[in-house]
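The structure under discussion appears below in the form of structure tokens.
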Amino acid sequence: MKISTSLICCDLSDIARQLDVIVDNENFNWLHADFMDNTFVPRLGISPELIQSLRKRYGDKVVIDSHLMVNDPYSLAPVIAPYSDWYIFHYEATKDPMRTLQMLRKNYPKLKIGLAFNILTPVLFNVLKSAYELGYLDGVMFMGISPGVLGTDSFIDEVENRIVFIRDNIKVLNVFVDGSVNFKSVRRYANHGADVCVSGSSMIFKRDDLTKDMSTTDMIEYNIKRIKDAIGK
């Protein structure tokens, strides 16, 4: 399982030093980029220029999964998709998700494409199966919290059930989990077949009694070890 570091949880004034620690660790060289419009979700995210800069700095050493929490997710594709490995948008954000999938595949054939589902949105098996079989879909993301709202309740059991559902029905789809990921839940998600877990302030950048006196670099390295121990890697 891969751990994708949430860029929005970085200290942007020190982001290069933080990410230099992460990208040199196997299975941790994924970067999760949250794009928000203060409409679909009640806050703003990072700018496209950030991932453009990170792609220039790290090249193919990193995998960038861009998470579009915006209305009309296709409109931002020209400034985000060329610098991303994954382009994941919300099923709820467009009236015609299949049309958006088709346009992305046509115009960005090398891009991997995913659909995200909020916790209260039913996982529509027929939609996922058809989109995959038509060649438009590579992955699915399950939200474990309300998107764009930090500190909301987590839904670990519900996310776990969704992972199991996909593994039982569409084994080939990559499964992402975003939200409700911590040192305890990440083992459960790994054991049930999640491919990528998004890590933010609750893991990679977690300061607690064990890490409060550490430098930022030592804290990140220590937390990576804690994650590896949690998932048995």
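The values are calculated or read from the model by the stated rules, or taken from the named source; none is laboratory data. Given the structure is predicted, the values throughout are model-derived calculations rather than measurements. Cβ coordinates were reconstructed from backbone atoms using ideal geometry, including for glycine residues, and neighbour counts include every protein chain displayed.
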Item checked: Residues located in segment 166-207, provided they are part of a loop (DSSP other than H, G, I, E, B) and either small (Gly, Ala, Ser) or closer than 21 Å to VAL127 by Cα (or both) -> ILE170, LYS171, VAL172, LEU173, GLY179, SER180, GLY193, ALA194, ASP195, GLY200, SER201, SER202
Note to self: When you scan segment 202-223, do you find a residue that is modelled with pLDDT under 90, surrounded by 15 or more Cβ atoms within 10 Å (Cβ to Cβ) and polar (S, T, N, Q), even just one?
What the structure shows: yes
Notebook entry, point to check: From LEU173, LEU115, LEU137, LEU120, which residue is among the aliphatic types (A, V, I, L, M) and surrounded by fewer than 18 Cβ atoms within 10 Å (Cβ to Cβ)?
Noted result: LEU120
Margin query: Of everything in segment 101-135, what is in contact with a strand residue (DSSP E or B) (Cβ under 8 Å, 6 or more places away or on another chain), of a type outside the set (Val, Ile, Thr) and in contact (Cβ under 8 Å) with a residue 40 or more places away in the chain? Give them in sequence order.
Written below: LYS112, GLY114, ALA116, PHE117, LEU128
